[in-house]
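Enquirer: The structure under discussion is supplied below as structure tokens; questions concerning it will follow.
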Amino acid sequence: MARDVIHGNYEPKLERVELEKLLHTPETMHDQFSLKVSPSPMPSLHLDPQLLLYIHRNALSNACKYGKVNGPVTTRLSYDESTKLLQMDVLNLPGPEHERLLKLGPSATTLVFAPGKRLHKKESSHSAGDGAWIMQKCAETLRGKVSIRFDSDMTVFSLVCPAKRFELSVKPEHFQIPKNAWGVAIDDSKIQRKLLSRFLSHAGVTESRQIVKGYTNEEIQSFDSFLVDLVQRNPNDYFLVVADENLDITENGTLKVTVSGSECIQKVRQRLDPILEARMLSLVRSANDSSQDVATYLSRAHGFVPKAPVRSSSVVEAIAPLWEQRFNCLPTTASSSACAASPDLSPGGPGLSDFLSLVVNELQANLDAVDELCSEESDASLKDTWPLIWEKLHCLKGDLSSLFNTPSIEQAVVEINAMRGKELPVDFEIRWGCLRSLISDIASTIGGKKLQVDGETTLSGDGRKRSISESCSSGDPKSKKLRSI
């Protein structure tokens, strides 16, 4: 995400955000940190949670590094209903170099947010001094601004950005896709197909009308023809179509070609009679969500949904406005009892154990595949095999993004994003060793059933977010000490 934000390619993912819950992370579960909100309770707001988390975590990190050692750090949240502005302040007591910062006067504030600048003498060797500058870029992406004030008795970091109350025109439990609607989805990942079935169920599609494709190369290659035929044979029905963007066709474990899900949708729309096409809501689902990526998806399909944990409320919040925009109506039911039953993946549910086993097996299979591509026995150089390695990393990113909201998973996704590109990343082998260790720990935690299903944030491993350097030294035989990333 940070890379896309820096280059102006990140498109904010606005969703319902409960700020008190969002900012109450494992890192802040300590007496050193406190959170104050006004009004209390804080209303749900329409914001990008990842941008807010990035800004807040970096503000807390800086407060701990440069403020009073083990001193209290306070986060203040306030929302002004009249101006629709959110303000987040992070306060800390003066640190060892505070007097020097005061002598710099107003220039200190300017220098803090300049790229490559470090105002403190003590800094880890791998830091480029761009943290505050990236925070500023995140704030600008939110159409807001950041500032910092050095007072004699404290330092105050502030974010101010516009935010609207989150409101749906229908309650999630009352939204109901019409009974004559089909749900058709395609993905080449076993985990994603399982989650897509759940996605369609949460959207309200009856089980008998759910079709999930992508099990074989033939299903991927013939998807557009299959969908055209299905729509033509059911001219009076509605169709909710969800397609993964990157559909890999493999042969004996080797990638042959990647089919674009959005292009498949575009072909279907072009082949259908306009009257039939008007009864279809087609969505692209992808882990690649830069502004250029999303613009491409929207030029071919009717909408885009990012890969994220599949929860009943989040599915309805994503589908309801798209359905209303597409069909100029919002179908409802008197109660949630009319909704389709979704697979029971709740803690203790009969489907939980099988799903977690599938997750662990798929994560391990992709880890092993990257290891094989990186092995010394491989004839090709890493540069030659990088496109194949990236395909496997992209699969890992998509599966991780769709599972649970935990700091470790978010960290792994960030590390994968940082390696995105056509060329082999610098120090890839070192970075892969660290990333592999982190994902292995995630798989072990999932296998131990220590994570709650349905996207609830829980602790992993020892109950805190590990730094990537800690992952490198965790004892994984493939781990190596990380240099600058």
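The values are calculated or read from the model by the stated rules, or taken from the named source; none is laboratory data. Worth saying up front: this structure is predicted, and the values here are computed from it rather than measured. Cβ: placed from backbone, ideal geometry, glycine included. Neighbour counts: every protein chain shown. Protein only, heavy atoms only, side chains kept; ligands, DNA and RNA dropped before computing areas. Shrake-Rupley method; radii C 1.70, N 1.55, O 1.52, S 1.80 Å.
Enquirer: Being of a type in the set (Ser, Thr, Tyr), part of a helix (DSSP H, G or I) and buried (at least 20 other Cβ atoms within 10 Å of the Cβ) is true for just one of 201, 225. Which residue is that? Full working, then the answer.
Expert: On the way: 225 fails: buried (at least 20 other Cβ atoms within 10 Å of the Cβ).
None of the other options fit; the residue is 201.
Enquirer: What are the residue pairs meeting all of these: first residue in the stretch 422-446, first residue free of Cβ contacts under 8 Å to residues at least 24 places away in the same chain, second residue part of a loop (DSSP other than H, G, I, E, B) and not hydroxyl-bearing (Ser, Thr, Tyr), Cβ atoms under 6 Å, and 6 or more apart or on different chains?
Expert: Pairs found: 425/419.
Enquirer: Quick one: how many residues across the stretch 152-173 are open to solvent by less than 40 Å² (accessible area, probe 1.4 Å), more than 22 Å from residue 81 (Cβ to Cβ) and at pLDDT 90 or above?
Expert: Total satisfying the criteria: 3.
Enquirer: Would you pick out the residues in the stretch 301-316 that are within 10 Å of residue 245 (Cβ to Cβ) and either open to solvent by less than 10 Å² (accessible area, probe 1.4 Å) or assigned to a helix (DSSP H, G or I) (or both)?
Expert: Scanning the stretch 301-316 gives a single hit, 301.
Enquirer: Here is a further query. Filter the stretch 280-300 down to residues that are assigned to a helix (DSSP H, G or I), at pLDDT 85 or above and in contact with a strand residue (DSSP E or B) (Cβ under 8 Å, 6 or more places away or on another chain) and give me whichever is surrounded by the most Cβ atoms within 10 Å (Cβ to Cβ). Explain how you work it out, then say what you get.
Expert: From the stretch 280-300, those assigned to a helix (DSSP H, G or I) are 291-300; that's our starting set.
Going one step further and asking which of them are at pLDDT 85 or above, we end up with 293-300.
Subset that is in contact with a strand residue (DSSP E or B) (Cβ under 8 Å, 6 or more places away or on another chain): 293-294, 297-298, 300.
Numbers: 293: 19, 294: 20, 297: 27, 298: 13, 300: 21.
In this case the residue turns out to be 297.
Enquirer: Out of the stretch 204-222, which residues are in a loop (DSSP other than H, G, I, E, B) and under 16 Å from residue 179 (Cα atoms)? Write out each step before concluding.
Expert: The initial filter retains those residues of the stretch 204-222 that are in a loop (DSSP other than H, G, I, E, B), namely 204-206, 214-216, 222.
Listed by number, the residues that qualify are 204, 205, 206.
Enquirer: Are there any pairs, at least 6 apart or on different chains, whose C-beta atoms fall under 6 Å, with the first in the stretch 20-46 and open to solvent by 100 Å² or more (accessible area, probe 1.4 Å) and the second assigned to a strand (DSSP E or B), and if so, which?
Expert: Qualifying pairs under 6 Å: 36/76.
Enquirer: Any residue at all in the stretch 174-188 that is modelled with pLDDT of 90 or more, touching a Cys at 6+ places or on another chain (Cβ under 8 Å) and open to solvent by less than 40 Å² (accessible area, probe 1.4 Å)?
Expert: Yes, because at least one residue in the stretch 174-188 is modelled with pLDDT of 90 or more, touching a Cys at 6+ places or on another chain (Cβ under 8 Å) and open to solvent by less than 40 Å² (accessible area, probe 1.4 Å).
Enquirer: Looking at the stretch 240-279, which of its residues are surrounded by fewer than 23 Cβ atoms within 10 Å (Cβ to Cβ), part of a strand (DSSP E or B) and out of contact with any Asp or Glu (no Cβ under 9 Å at 6 or more places or on another chain)?
Expert: Once the filter is applied, which keeps residues that are surrounded by fewer than 23 Cβ atoms within 10 Å (Cβ to Cβ), part of a strand (DSSP E or B) and out of contact with any Asp or Glu (no Cβ under 9 Å at 6 or more places or on another chain), the stretch 240-279 yields 251, 254.
Enquirer: Next question. So, residue 427, is that one open to solvent by 10 Å² or more (accessible area, probe 1.4 Å) and of a type in the set (D, E, K, R) or not?
Expert: Numbers: open to solvent by 10 Å² or more (accessible area, probe 1.4 Å): yes; of a type in the set (D, E, K, R): yes.
Spelling it out, residue 427 is indeed open to solvent by 10 Å² or more (accessible area, probe 1.4 Å) and of a type in the set (D, E, K, R).
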